[in-house]
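Since the structure comes first, as structure tokens, the remarks are kept for the end.
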Protein chains: 2
Amino acid sequence: MKRATAQNVAMEAGVSKWTVIRAFTPGASITEASKAKVLEAAERLNYRPNLLARSLATNSTHQVAVLVDDFANPHKLPFLEKLTASLQAEGLVTMLININQHYNHVHAILNADQRQVDAIVLFGTAFRDEMLTDHKLGRGGPPMFVLARDSQIEGVPAISCDAVVAIAEIGEHLLKRGYRRPGFMAGARTLSTALGRRRNFKEFWRTALGVELVEMSAERYSAEAGAQAARDYLSKIAPEDRIDVLMCENDALAFGAMDVARSEFGLRVPDDLAIVGFDNAAPAASPAYGLTTYEQPTDQMVKAAIDMILERAPRETVNFKGELVVRDSA
Amino acid sequence: MKRATAQNVAMEAGVSKWTVIRAFTPGASITEASKAKVLEAAERLNYRPNLLARSLATNSTHQVAVLVDDFANPHKLPFLEKLTASLQAEGLVTMLININQHYNHVHAILNADQRQVDAIVLFGTAFRDEMLTDHKLGRGGPPMFVLARDSQIEGVPAISCDAVVAIAEIGEHLLKRGYRRPGFMAGARTLSTALGRRRNFKEFWRTALGVELVEMSAERYSAEAGAQAARDYLSKIAPEDRIDVLMCENDALAFGAMDVARSEFGLRVPDDLAIVGFDNAAPAASPAYGLTTYEQPTDQMVKAAIDMILERAPRETVNFKGELVVRDSA
DNA sequence: ATATTTTTTGCTACCGGTAGCAAACGTGCA
DNA sequence: TGCACGTTTGCTACCGGTAGCAAAAAATAT
């Protein structure tokens with residue numbers, strides 16, 4: 001059975017289609033009587049307005065494209081939950097786009113644009129900045145935002161957790177606990193904008209103790225990749241030269257690193273090797289890990305993103321302060 | 001700057017708008033010469049077809065609504081990754097809808113319908129079957145599918161992992177290992193259709209040994225809820241009466257239960273209490289858990305779902321065989 | 001009762017495409 | 001040169017709504 005249109009309802013109710021539309025438009029000029037008549041007819045025909053047609057006419061879809069490329073990070077799930085819930089609370093709908101080898105940012109943005117989304121959110125995805133500027137995307141297209149990562153791109157504001165403050169807080173904590181030989185594990189992509197945490201951490205130790213950071217990098221942002229990177233490092237370093245604390249760019253890496261340190265090298269955490277993560281993903285709280293990590297203020301970030309999308313707040317980069325979560329691992 | 005339309009390009013190229021459309025329609029009747037002329041003009045104006053308008057005219061959006069209500073389950077993330085990637089590979093786009101207290105299934109389905117999605121996928125969500133039949137949703141609406149959960153609903157096929165086979169396999173394994181006092185932890189919602197795993201497990205032990213299952217249920221499907229349920233049980237049972245193996249309805253519950261058993265009650269897993277999960281979520285593989293669990297054939301399930309959506313396969317319930325993943329916990 | 005104002009209803013034009021028919025064009029053949 | 005035929009192009013009508021003006025109806029003032 002084909003869907004009923006406003007025209008069908010109009011005939012059923014004996015009015016014009018514009019009256020039907022008015023019955024479904026809050027605040028429109030229509031008498032109670034005709035409204036009731038129309039709604040009754042609509043009920044009978046099971047009519048509900050076609051939002052596609054409405055979007056075409058009003059030039060607004062209430063759809064927001066959310067680009068994600070890092071499904072290995074367990075932290076993405078609760079974050080995504082908040083984001084979708086908050087968008088829905090504002091009457092917006094989420095178009096989830098998976099960025100991978102077969103479907104890159106340019107593809108995704110072009111497609112989202114053609115679908116007339118109201119905004120595009122790059123949710124913690126890794127990309128070269130040139131990608132976005134090269135292709136003269138954006139000119140005339142929907143506004144773009146970078147969430148949970150920083151952005152140097154002209155006209156693309158970022159909503160993120162203040163990396164400088166976060167790293168300083170973590171560094172101070174580690175210093176106070178007496179760690180002196182720091183290491184840092186990054187996810188593979190050494191993109192200019194993704195270097196923040198590493199650079200700040202490196203700078204911190206240099207300034208504080210004049211100590212050089214031991215750097216390692218994983219293939220991807222996943223526990224497996226973190227495990228492999230830790231394995232590579234630990235197997236080739238002499239115990240006496242070993243770092244005493246490892247900061248990982250995110251929790252996924254930290255879980256892998258901790259697994260390997262404990263089960264493959266018999267190291268006690270934190271006594272032989274302390275480990276710090278970033279994100280406060282769910283397993284970090286479990287006694288199986290007890291990971292000291294840094295929690296991003298996801299509520300504030302989501303709220304800020306939505307305020308910008310809805311133009312309730314100026315569209316400019318904002319940073320929020322997160323919170324150090326101290327557990328057993330460091 | 002406003003987006004260019006086919007009309008604009010037509011004027012720029014000196015042809016009619018229909019010729020422009022043809023240049024963008026694969027296989028349309030158009031000379032190479034005019035096609036080149038049009039594409040050049042389109043390039044100059046940065047034109048790309050408006051998919052909203054196309055959808056309205058063709059009555060097909062290539063959008064699929066995916067309803068999720070269980071963001072606490074870490075297994076959802078990789079599953080969602082596969083699902084979105086596969087949909088995208090077929091030119092479909094994912095509308096991710098978060099089902100929660102503020103936004104229920106009826107809301108979601110109605111809204112997705114109004115947005116003219118090509119299909120609705122209930123991805124492992126919990127709902128009362130009446131919900132869908134009550135509201136005469138579906139009549140005339142987009143086809144619906146239940147993914148990763150079974151369905152008794154008329155006209156709504158399910159794509160899932162065969163629970164009978166899975167539970168039998170798990171049961172046999174536990175029996176062989178010598179466990180004799182089984183327990184089962186369910187997520188709270190005791191919905192008729194969600195009882196499959198529990199009922200089968202119960203039946204298995206009754207048939208095999210004439211033993212009664214100890215049942216407990218968590219508030220939700222999350223590690224915290226699983227922890228609480230385990231805590232409740234372990235704190236009120238005498239050690240000599242304790243079950244020797246606990247099967248959890250999913251891995252999230254199992255992680256919580258294992259945490260509590262080990263760190264709060266000092267139990268060794270599996271010696272004092274064996275634990276089995278379901279889903280093979282990422283942390284299950286980590287030595288920190290080493291959880292024996294059951295892996296759903298997600299690739300097959302996703303493929304089957306998409307084949308049904310695209311009508312390449314008959315739209316009827318299918319079950320796939322998963323695989324028992326034996327690790328240390330049982 | 002009539003004139004005036006306000007509310008309600010209907011209308012045309014439009015959003016940016018698609019479908020499919022009809023006219024225009026080009027080509028091959030008699 | 002003329003005609004038939006296939007290809008290319010342009011056209012009308014349509015998808016299902018919205019915007020905002022004009023006419024009709026109802027409410028108020030004189």
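The values are calculated or read from the model by the stated rules, or taken from the named source; none is laboratory data. Bear in mind the structure is a predicted one, so any value in this text is a computation, not a measurement. Quick reminder, even Gly has a Cβ in these numbers, built from the backbone with ideal geometry, and neighbours come from all protein chains shown. The area values use the complete protein model at the heavy-atom level, side chains included, leaving out ligands, DNA and RNA. Shrake-Rupley method; radii C 1.70, N 1.55, O 1.52, S 1.80 Å.
Observations
- Among B:Gln63, B:Gln116, B:Gln152, the largest mean-square fluctuation in a Gaussian network model of chain B, built with springs joining Cα atoms closer than 10 Å, belongs to B:Gln152.
- Residues whose amide H falls under 5 Å from that of A:His62, counting only those 5 or more places apart or on a different chain, are A:Asp118, with hydrogens built in the peptide plane.
- Counting Cβ atoms of other protein chains within 10 Å of each residue's Cβ and taking the mean over peptide A:88-98 gives 6.
- Protein-protein interface of the range B:105-127, residues with accessible area decrease of at least 50 Å², isolated chain reference, 1.4 Å probe: B:Gln114, B:Arg115, B:Gln116
- Note on chain A: with a GNM built from Cα contacts shorter than 10 Å, the maximum mean-square fluctuation among A:Thr125, A:Thr317, A:Thr25 falls on A:Thr25.
- Residue-count net charge about A:Val9 - beta-carbon cut-off 9 Å; Lys, Arg +1, Asp, Glu -1: +1
- Members of B:Lys76/B:Lys176; B:Lys76/B:Lys303; A:Lys76/B:Lys2 lying beyond 23 Å, as alpha-carbon distances in this model show: B:Lys76/B:Lys176; A:Lys76/B:Lys2
- Interface residues, the range A:237-259 - accessible area loss of 20 Å² or more versus chain alone, probe 1.4 Å: A:Asp259
- Estimated buried accessible area (total), pair A and B, 1.4 Å, Å² to nearest 100: 5200
- For the range A:115-182, accessible area per residue (1.4 Å probe, heavy atoms of protein chains only), Å²: 40
- Peptide A:45-52 - average C-beta neighbours from other chains (10 Å radius): 4
- Rounded to 10°, Cα long-axis angle of helix B:163-176 versus longest principal axis of chain B: 30
- Amide proton proximity set for A:Ala274, modelled H, under 5 Å, gap of 5+: A:Val245, A:Leu246
- Debye, to nearest 20: dipole size of chain B, +1 on Lys, Arg Cβ, -1 on Asp, Glu Cβ: 1100
- Mean accessible surface per residue for the range A:190-330, computed with a 1.4 Å probe while every protein chain stays in place, in Å²: 43
- Measuring r between the beta carbons of B:Glu154 and A:Gln300 and using R0 = 45 Å, the FRET efficiency lands at 0.50.
- Karplus-derived 3J(HN,Hα) values for the range A:266-274, using 6.51 cos²θ - 1.76 cosθ + 1.60 with θ = phi - 60°, are x, 7, 8, 10, x, 4, 8, 8, 8 Hz; glycine and proline are entered as x.
- Under 5 Å from the amide H of B:Val325 lie the amide H atoms of B:Thr293, B:Tyr294, B:Glu295, each residue being 5 or more positions distant or on a separate chain, with H modelled from the backbone and absent for Pro and chain starts.
- Of A:Arg128, A:Arg181, A:Arg312, the one that fluctuates the most in a GNM where chain A has Cα springs shorter than 10 Å: A:Arg312
- Residues of the range A:1-15 buried by at least 30 Å² of accessible area upon assembly of all protein chains, compared with the chain on its own (1.4 Å probe): A:Met1, A:Arg3.
- Averaging Cα coordinates gives a centre for the range B:61-130 and one for the range A:19-60; these two points are 27 Å apart.
- Computed over chain B, the per-residue total of -39500 (n - 2.57) for DSSP H runs of n ≥ 4 gives a 222 nm mean residue ellipticity of -12000 deg cm²/dmol, rounded to 500.
- Dipole of the protein assembly as shown [Lys/Arg +1, Asp/Glu -1 at C-beta], most positive-end residue of B:Phe184, A:Met308, B:Thr58: B:Thr58
- FRET efficiency, 1/(1 + (r/R0)^6) with R0 56 Å, evaluated for A:Leu324 and A:Glu40 via beta carbons: 0.40
- Accessible surface, the range B:6-49, averaged per residue in Å² (probe 1.4 Å): 61
- Residue range of chain B that is longest and free of GluC sites (Glu not before Pro) which are both DSSP loop and sparsely packed (at most 11 other C-beta within 10 Å): B:1-153
- Dipole orientation for the range A:163-295: of the candidates A:Ser235, A:Ala257, A:Gly196, A:Gly196 has the Cα lying most toward the positive pole (charges on Cβ; Lys, Arg +1; Asp, Glu -1).
- In this assembly of identical copies, the label point of A:Thr317 (Cα plus 7 Å along Cα-to-Cβ) is separated from its counterparts by 5.5 nm, sorted shortest first.
- Note on the protein assembly as shown: with neighbouring protein chains present and a 1.4 Å probe, carbon and sulfur make up 50 percent of its accessible heavy-atom surface.
- Shielding by partners for peptide B:66-72, expressed as the average number of C-beta atoms from other protein chains within 10 Å of each residue's C-beta, is 3.
- Legend: calculated FRET efficiency, B:Arg54 to A:Ala188, from the Cβ-Cβ distance at R0 = 56 Å, rounded to 0.05, equals 0.90.
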